[in-house]
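The values are calculated or read from the model by the stated rules, or taken from the named source; none is laboratory data. Bear in mind the structure is a predicted one, so any value in this text is a computation, not a measurement. All Cβ positions, glycine included, derive from the backbone under ideal geometry; neighbour counts span all protein chains shown. These accessible areas exclude ligands, DNA and RNA; they are computed on the full protein's heavy atoms, side chains included. Shrake-Rupley method; radii C 1.70, N 1.55, O 1.52, S 1.80 Å.
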Amino acid sequence: MVTTKPTGGKLLSRPTHKKVPELPPGFSVIHSNRMEDLRKLAVQWVLKHPLAPLEDEVFMVQSNGMAQWLKLALAEDDGCGISAAVSFQLPARFLWQAYRAILGPEKIPEHSPYDKGPLQWRLLRLLKGLSKKNGFSAISRFLSDDPESIKRYQLACRLAELYDQYQVYRADWLEDWANGRDRLRNAHGIPETLPPEQRWQAELWRLIQSDMPGPERHTSRSSLHRRFLKTAGALPERDHTLPRRIIVFGISTLPGQALEALHALGGHCQVLFFVHNPCRFYWADIMEDRELLKFEQARHFTHTGAPHETSPESLHHTVNPLLASWGKQGRDYIGLLYGYDRPEKYRKRFEEIDLFADFVPEEKYAPLLSRVQQAILDLAPLPGSGQKKPDISPDDRSITFHLAYSPQREVEILQDQLLQMFSRDRDLKPSDIIVMTPDIDVYTPHIESVFGNLPRQDPRFVPFAIADKPDRAGLPMIRAFEKLLHLPSSRMAQSDFLDLLQVPAFRNRFGLGEDDLQKLQMWVDGAGIRWGLHAAQRTAFDLPRDIHENTWQFGFHRMLLGYAVGTGEPWRDIEPYDEIGGLEAERIGPLYLMISRMEKHWQALKKPGSPQVWHDRIMALFDDFFLPADSNDQLIRKRLKDITAEWRNDCVDAGLEEPLSIGVVRDVLLGALGDRNMSQRFLVGMVNFCTLMPMRAIPFKVV
């Protein structure tokens, strides 16, 4: 062992020729009712059993918020001191790479042609010809009145999502359908005949498979999974492309297919599950269909107060009602884990594998929230009618409910409550608080108007971050681009044009500065421009062809005539607008160029085109109207280029060459820009606003 001394003066140990540490393979499951305890154990395990230099630590998580929370723990001084060489992966992507590693990357494509994205374009093409085939009368009726193929596109997206889910959760159905058996298997594996009105789904799956190129025909997840399990079980040693350790952390649910695959990998890799389990007892049978989840080797004991035989209708009276009503997803997941869990094989490696900690202290009184958590932990039912209910202190605010008449009022009440909390508890920080809502889009404008309406120096200002709002709601250039994509249906109103001029990248393209806006607005208003490019464009709104007053063309004629003759007489029924003159007149050039380009792209966007044509149109539209002003704008352009190219390639792979309308293309682009969020900010030292998904499993002091 040698030591080196960096510039900071602190000694660091560095091994010279240390053997790569051995990691025994296996499938281990750690349960805890506290995510903090699971995180601490995971970090300590990584610290005590390090991988080799330049070898990535692989974490499987369910959201970017959870990944950020783990990164912070790894980087803390009492953790690893740094978060580096760590790969956080979502389950679907990780498992596809595992399939490729085991079955051979030369046999399995890098991206599945059966994934939701590529599959929807193949379906869009296949659905067009289904009206001529028997058995698809329901689809034919649905698509009978669809001139712009919007309904066909929406149906293709919905079916692609459906078949994507079938590959994960109903692989046995797809296997039967591919072999010509129109049936469904229930949870016990007993087949039932597919209802006649649903047989088109089986026939369409066979059409999808027959339409795939030969090498890709049998590369759906459902087809690869059985081959993967068989091959992984027969491997003599670990493939070098597989990680030596896989840590599955904080995931609230995984499909049975994923658990099967991870269990198979446990024969060659060290697979560690860190599971958030709210109850220390066996609770997989507290609801209906409990006979499906009975395990002879369930590692947690049945609660001593729970009856062994109880009808499903009365189970809510004998167990904790919150766990019974809200815990179905966790129950099924933990129940599935019991089928693979063999704690006797790995118990000795850990000090504890069940890290359950009480919420209620030994003293007599505890807050209501702690008692609710303790009741869930102990699987305790509510007190009966003859039993004494515990007293609640009038000052107990651990759980509060507020009734409000609108989302705006909800957010205002929230702000008042947070300010009161900060005044009562000086140690409470904004980062200790999370606010979750089912639909963040609904609440975003109210959050910004209430919390963003105060200057930073105001003592009432609360720093906040909206973690997962769509990009196009937060980035001006994307909002402007969205407006331009609506040119074929836009009225081209004066207000739309002035909104575009507020975007720096838009002004940069035409050489205008922020100080030019007031003058341009005065000219546009003074020249009488209200809406419409010209009389011909107004015909799309059921107006006659000869009404050209107050259009952009009409206004420009007035501006140019006024520049030429000043306060002269009308010419050909055009009244000159005489406010333009001198050096200021140079601004009229960029203004005319903007409207000319809008005319060009209005003509182009309203015509259907092939995916390649649309790729060229979209990039030309962006480059004609935007000159990136900073690195963030450059990133948006790159993302748009990547999204458009990926979409075009998916269409080419699916054999889709038919002309598409702007409605379909616009939905693709804006949906992709919203999904690939560039503005997600998790755990950034502020009050975190988010939907129920990205950080729901992360503990906060205030929720």
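Within the accessible area of the stretch 487-559, what % is carbon and sulfur when the probe is 1.4 Å and the other protein chains stay in place? In the stretch 487-559, the share of accessible area belonging to carbon and sulfur is 45 percent.
Based on the alpha-carbon gyration tensor of the stretch 312-430 and its eigenvalue square roots a ≥ b ≥ c, which shape applies: rounded if a/c is under 1.5, prolate if not and a/b is larger than b/c, or oblate? Prolate shape, in that a/c is at least 1.5 and a/b is the bigger ratio.
Restricting attention to the stretch 174-285, close to 40% of DSSP beta bridges with both partner residues there are antiparallel. Gain on full extension, evaluated as 0.36 nm per residue between Arg185 and Glu216 minus their Cα-Cα distance, stands at 8.6 nm.
Beta bridges from DSSP with both residues in the chain: antiparallel share about 20 percent, rounded to the nearest 5.
By the scheme Lys and Arg +1, Asp and Glu -1, what is the net charge of all other residues having a beta-carbon under 12 Å from that of Glu575?
Around Glu575, the surrounding residues sum to -2.
For the chain, the Cα-based Rg and Dmax, in that order, read 31.2, 100 Å. Modelled spin-label separation between Glu161 and Arg206, with each label point placed 7 Å from Cα along the Cα-to-Cβ direction: 2.8 nm.
Distance from the Cα centroid of the stretch 656-670 to that of the stretch 132-192 is 23 Å (rounded to whole angstrom). Compute the Cα gyration tensor for the stretch 533-613, then decide on rounded, prolate or oblate, letting a ≥ b ≥ c be the square roots of its eigenvalues: rounded whenever a/c is under 1.5, prolate when a/b is larger than b/c in the other cases, and oblate in all that remain. The shape class here is oblate. Extension gain, Lys128-Met619: 0.36 nm per intervening residue step, less the Cα-Cα distance, totals 173.9 nm.
Note: relative contact order over the chain, using C-alpha pairs below 8 Å and six or more positions apart, is 17 percent.
By a 1.4 Å probe calculation restricted to protein chains, Ser610 has an accessible surface near 40 Å², given to the nearest 10.
The spacing between the stretch 418-494 and the stretch 33-68, judged by their C-alpha centroids, is 31 Å.
The magnitude of the dipole of the chain, with charges of +1 and -1 set on the Cβ of Lys/Arg and Asp/Glu and taken from the Cα centre, is near 1840 debye. Legend: helices of the chain (whole DSSP H runs) are marked when their alpha-carbon atoms reach 24 angstrom or more along the helix axis and their mean Kyte-Doolittle hydropathy is at least -1.0; marked are 150-169, 407-424, 588-605. Each Lys and Arg contributes +1 and each Asp and Glu -1, all at the Cβ; summed about the Cα centre of the stretch 185-263, the dipole is approximately 300 debye.
The share of alpha-carbon pairs in the stretch 108-254 lying farther apart than 28 Å comes to 30%.
Rolling a 1.4 Å probe over the protein chains gives Asp146 an accessible area of about 30 Å². Between Ala536 and Leu692, the FRET efficiency from the beta-carbon distance, with R0 = 51 Å, is close to 0.55.
With the simple model of a label 7 Å out from the Cα in the direction of the Cβ, Arg227 to His49 spans 3.2 nm. Computed from label points 7 Å out along Cα-Cβ, the spacing between Ala138 and Asp396 is 5.1 nm. Each of Leu90, Gly189, Tyr592 was placed along the dipole of the chain (beta-carbon charges, centred on the mean Cα), and the one lying farthest toward the positive end is Gly189.
In a DSSP loop and with at most 13 other Cβ atoms within 10 Å, the GluC sites (Glu not before Pro) in the stretch 315-354 are Glu351, Glu352.
Qualifying trypsin sites (Lys or Arg not before Pro) in the stretch 538-629, where qualification requires a DSSP coil assignment and no more than 10 other C-beta atoms within 10 Å, comprise Arg545, Arg572. Classify the stretch 554-703: rounded, prolate or oblate, from the alpha-carbon gyration tensor (a ≥ b ≥ c, eigenvalue square roots; a/c under 1.5 rounded; otherwise prolate if a/b is larger than b/c)? Oblate, since a/c reaches 1.5 and b/c is not below a/b. In plain terms, the chain from Gln417 to Asp56 could stretch by 125.6 nm, reckoned as 0.36 nm per residue minus the Cα-Cα distance.
Please go through the stretch 406-511 and write out the trypsin sites (Lys or Arg not before Pro) that DSSP classes as loop and that have at most 13 other C-beta atoms within 10 Å.
On the way: sites: Arg409, Arg424, Arg426, Arg456, Arg460, Arg472, Arg479, Lys483, Arg491, Arg507, Arg509; in loops: Arg426, Arg456, Arg460, Arg491.
Of the trypsin sites (Lys or Arg not before Pro), the ones in loops of the stretch 406-511 whose Cβ has at most 13 other Cβ atoms within 10 Å are Arg426, Arg456, Arg460.
Solvent exposure of Glu192, expressed as accessible area, is near 100 Å², computed with a probe of 1.4 Å over the protein chains only.
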